[in-house]
Amino acid sequence: MKKVTMILCAVFVTSLMMAQDGLVSKRGINILPEAGEWAIGIDASPIFEYVGNIFNGTMDNSAPVFQSNSEYQDVPGGFAICGKMMVDANTAYRAKVRIGLNNTSDRTLVPDATEPEEFVEDESKTSNFGIALGAGIEKRRGSSRVQGVYGAEAMIGFGSSSTEEIYGNDIEDVGGSRPVSSKSGSTVMFGVNGFAGIEYFVAPKVSIGGEYTWGLSIMSTGDDEFVTETYDGTNVDTTTSDSAGGSSFSLDTGTRGQFAMKANFYF
């Protein structure tokens, strides 16, 4: 975190040295956002970490991975896209959204129970789904490149996952007991938080900055379900069992526990 902060300060100072007088560029473009403009925001931490690792000689440095900033990293599905619309020079509507669906299939070759020299295929299929939506309002203060921002946001999320096992050998040929499927209890989340931070406009319609957040979140998870099949040498039995879900309530600062850096691009 220290090296990231140092890089951020260096960028800030360099931008001051290169800044044009006033709030209009040489080409006559207003530096600050205006009513009717839209913005896309990204988490700027990977950029500063990558640049910092270049200068300190880190051998395993990797290219930055970009994602939108989310104070609620545990929300089902997370957030991938965040943006805002300027209502006027000092007010903006903010929105965050992600709809994610992930299906994976793992195949494994195993000996055929009836023909030991042959192989059959076992397959495990996993499906995950997550949706998260957030909306809020942002206010800003300041008449220079440095703008103070504050406001509030609300968000909801839903997530679920399931697994299915498909076997190449019949249970009668291998005996014993084995899982057939599992389904995680659906998770529903609601959260609301306030935020406060700064934006510094390093170029027309381009800013870097960060925010602190504080708020509450409520999360509820349903029961898990497991299906198992068993062969006792005579009969095949299928049993279903459940595992209790749970819920949580928190009132705290953002789950990152730090000043979350962001980059915003207005157009």
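What follows is calculated from the coordinates using simple rules that are stated; it is not laboratory data. Keep in mind that this is a model prediction, so the values were computed, not measured. Neighbour counts run over all protein chains shown; Cβ positions are idealised from the backbone, glycine included.
Can you give the convex hull volume per residue for the Cα atoms of the stretch 137-182, as a whole number of Å³?
147 Å³
So for the pair residue 85, residue 141, with labels modelled 7 Å out along Cα→Cβ, what separation do we get in nm?
2.7 nm
Let a ≥ b ≥ c be the square roots of the eigenvalues of the Cα gyration tensor of the stretch 149-267; is it rounded (a/c under 1.5), or, if not, prolate (a/b larger than b/c) or oblate?
prolate
Rounded if a/c is under 1.5, else prolate if a/b is larger than b/c, else oblate: which is the stretch 186-242, with a ≥ b ≥ c the root eigenvalues of its Cα gyration tensor? Mind dumping the intermediate values first?
Numbers: a/c = 8.45, a/b = 3.41, b/c = 2.48.
The shape class here is prolate.
Going by amide H atoms built from the backbone, whose H comes under 5 Å of the H on residue 112, apart from near neighbours?
The list, which skips near neighbours in sequence, is 118, 119, 120.
Mind listing the phi-derived Karplus ³J(HN,Hα) values for the stretch 181-194, rounded to whole Hz, using 6.51, -1.76 and 1.60 with θ = phi - 60°, and x for any glycine or proline?
Rounded to whole hertz, the list is 7, 8, 9, 6, x, 4, 10, 10, 10, 9, x, 9, 8, x.
For a Förster distance of 51 Å, can you work out the FRET efficiency between the beta-carbons of residue 265 and residue 223, rounded to the nearest 0.05?
0.70
Do the alpha carbons of any pairs in 84/183; 26/139; 96/183; 26/84 sit beyond 31 Å of each other, and which pairs?
84/183
Enumerate the amide H contacts of residue 209 below 5 Å, restricted to partners 5 or more residues apart or on another chain; note that Pro and chain-start residues carry no placed amide H.
The list, which skips near neighbours in sequence, is 200, 262.
Tell me, in nm to one decimal, what length is gained between residue 156 and residue 112 on full extension, where the rule is 0.36 nm per residue of separation less the Cα-Cα distance?
Extra length from residue 156 to residue 112 when fully extended: 11.0 nm.
Between residue 173 and residue 244, what FRET efficiency follows from the Cβ-Cβ distance if R0 is 35 Å, with the result rounded to 0.05?
0.50
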